[in-house]
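All remarks here apply to the structure that follows.
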Amino acid sequence: EAMLAWQRTAYHFQPEKNWMNDPDGPLFHMGWYHLFYQYNPDSAIWGNITWGHAVSTDLIHWLYLPLAMVPDSWFDINGVWTGSATILPDGQIVILYTGDTDTVDAVQVQNLAYPANLSDPLLLDWVKYPGNPVIVPPPGINSSEFRDPTTAWFGPDGTWRITLGSKVNTTGISLVYQTTNFTSYELLDGVLHGVPGTGMWECVDFYPVAIDGSTGLDTSVNGPGVKHVLKASLDDNKHDYYAVGTYDAVNDRWTPDNPEEDVGIGLRVDYGRFYASKSFYDQNKKRRILWGWIAETDSEDDDIEKGWASVQTIPRTIVFDNKTGTNILQWPVEEIESLRLNKTEFQGIELAPGSIVPLDINGTATQLDITAEFEVDTETILDLDATDVSYNCSGAAAERGTLGPFGLLVLANDALDELTPIYFYIAKATDGTLKNFFCADKTRSSMATSVERRVYGSEVPVLDGENFSMRVLVDHSIVESFAQGGRTVITSRIYPTQAIYGAARLFLFNNATQVNVTATVNVWQLNSAFIHPYPLDQI
Ligand code: DQQ
């Protein structure tokens, strides 16, 4: 089926055409945020990978720039793959990226690149270090499972470190290299961390977080009051997993706070369609920002027909959640609020069991920023016998439980035969404890046939005295959903065919059988963030 123009987003970053995957080397320089990305300039499917390049002053309005790097050297002739930027104390910028050397052996090496002219705010020209590669696969490592160097951090011994992902048998690992000059590197003994059974670790990310949750930290910060997050993108299941732990900077070992929730077997950065994420420290606003790649969930034929594939998430601010002490909080960067147009408020909407309430926002419901709070009568819950103990976002939103689901229906048509429920579900155990789930159901998001239909989601901590709360960004075919201030996040890539343009609606629903819910909702329509080529005559 033809996937037409309405599938494009209005304020998410995506190239004008063709294929995009991982975000690469995000950085802030001379007033501009730079985003690079894995890009195929020739086709809407993966291949011939270059670094696309775009700049923005506010992380929302982007200007496309010429390609930053293309596969033109023996050390990256089969693809300029993923990498990261480091800003050195003297302002120098270095990029380390993976080069795929050839199609047959597919040996992966790590290469150095830097701006030809650091005083160019647009960083248009990039120099590949003539001595590349700077790192080749070490003995014992499969040469085609060795990639995606991180941003470097400065160690207590006065030298730099980077880490990158690999595997040994089925254990996913993160190797650490030491350098003083970014041209020569020494592999350190052992690994930063490894987890049996998790397979190849792609796009490792490693960064400090402030334990008091107050602010983002530059990558080299360590000491009391700091924990470290380790993230890996699991090639085996295409999800991004992270854990919070402690980094021993003398021995270059990282230990998870909770070994049962280790990298790859515990928390996911996002429970929806989200992969190969990468964070950077924004020295401009002193925050850590995360990007993630939203891949398509339609068929390759559809992508070829529509001429493009993939979108990036709205960049997210990351802090440590000092209330739970177990997870990070992700939240859309504040600049997204500059797109807010008219606001409609709905106070104290009573949702009896089995009800659906339309939210009339005086306009189209395809570009929205929604905040919703749900008050649930806990007395009722506590009086009930144990119920839905095994619920885990497995059932669709049409399946009724005692204490859920309740939430929003976004990108719904009037007939309610195309819709995407974003919802909470309370499961109560025999011992009286409550488990709260946050889910997104895309089993009815599209009438198209060749698209993924499934329910995403996971548990979300809801602390004493907190209401259930969600923030949802709707953008035509992307829904980014944040529960409890960003403790659990779900990105949905959907393909509405009816709930498009003026026909898209927004509803509240409560499909629980036993519990009354009161909802308070704010809805803003969001302006488009037109993304243009940078005016060529100014380059
Ligand atoms: N994508 C890149 C690799 C990385 C993978 C190639 C993750 O460097 O491991 O396009 O999506």
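Which pairs break 31 Å Cα to Cα here: 227/343; 227/442; 167/306; 285/323?
227/343; 227/442; 167/306
From the phi of every residue in region 19-31, what ³J(HN,Hα) in whole Hz does the Karplus formula 6.51 cos²θ - 1.76 cosθ + 1.60 yield, where θ is phi - 60° and glycine or proline is x?
For region 19-31, the Karplus curve yields 7, 9, 10, 3, x, 10, x, x, 6, 10, 8, 6, x Hz.
Looking at the square roots a ≥ b ≥ c of the eigenvalues of the Cα gyration tensor of region 462-527, which shape do they give, rounded for a/c under 1.5, prolate if a/b is larger than b/c, or oblate?
prolate
Amide H of residue 22 versus every other amide H placed in the peptide plane: which residues, excluding those fewer than 5 positions away on the same chain, fall under 5 Å?
38
Can you give the relative contact order of region 410-453 as a percent, counting alpha carbon pairs under 8 Å and 6+ residues apart?
Relative contact order comes out at 35 percent.
Give me, ordered by chain and number, the residues 5 or more places off residue 272 or on other chains with an amide H under 5 Å from its own placed amide H.
491
Can you give me the long-range amide H partners of residue 458? Hydrogens built in the peptide plane at 1.01 Å from N, cutoff under 5 Å, separation of 5 or more residues or another chain.
Amide H neighbours of residue 458: 438.
Within the chain, which cysteines find no other Cys whose Cβ is under 4.7 angstrom from their own?
Lone cysteines by the Cβ rule: 203.
I need the shape label for region 204-348. Rule: rounded when a/c is under 1.5, else prolate if a/b > b/c, else oblate, with a, b, c from the alpha carbon gyration tensor.
In terms of gyration-tensor shape, oblate.
Given C-alpha coordinates of region 97-202, what is the ratio Rg to Rh with the Kirkwood estimate of Rh?
1.00
Over 10 Å intervals from 0, what percent of Cα-Cα pairs in region 82-150 sits in each interval?
20, 46, 24, 9, 0
Give me the base-10 log of I(q)/I(0) for region 380-464 at each q in 0.11, 0.18 Å⁻¹, Debye formula, one uniform scatterer per Cα, rounded to two decimals.
Cα-only, vacuum Debye calculation for region 380-464: -0.33, -0.75.
Running Debye on region 1-138 with equal point scatterers at the Cα sites and no solvent, what base-10 log of I(q)/I(0) appears at q = 0.11, 0.15 Å⁻¹?
Taken in order of the listed q values, log10 I(q)/I(0) reads -0.42, -0.74.
Run the Debye formula on the Cα coordinates of the chain, all scatterers equal and no solvent, and tell me log10 I(q)/I(0) at q = 0.07 1/Å.
Summing over Cα pairs of the chain leads to -0.39.
We did not get these values from a lab; they are worked out from the coordinates using the rules stated. It should be emphasised that the depicted structure is a prediction, and the values quoted were computed from it without experimental measurement. Heads up, the Cβs are rebuilt from the backbone with ideal geometry, glycines too, and the neighbour counts pull from every protein chain shown.
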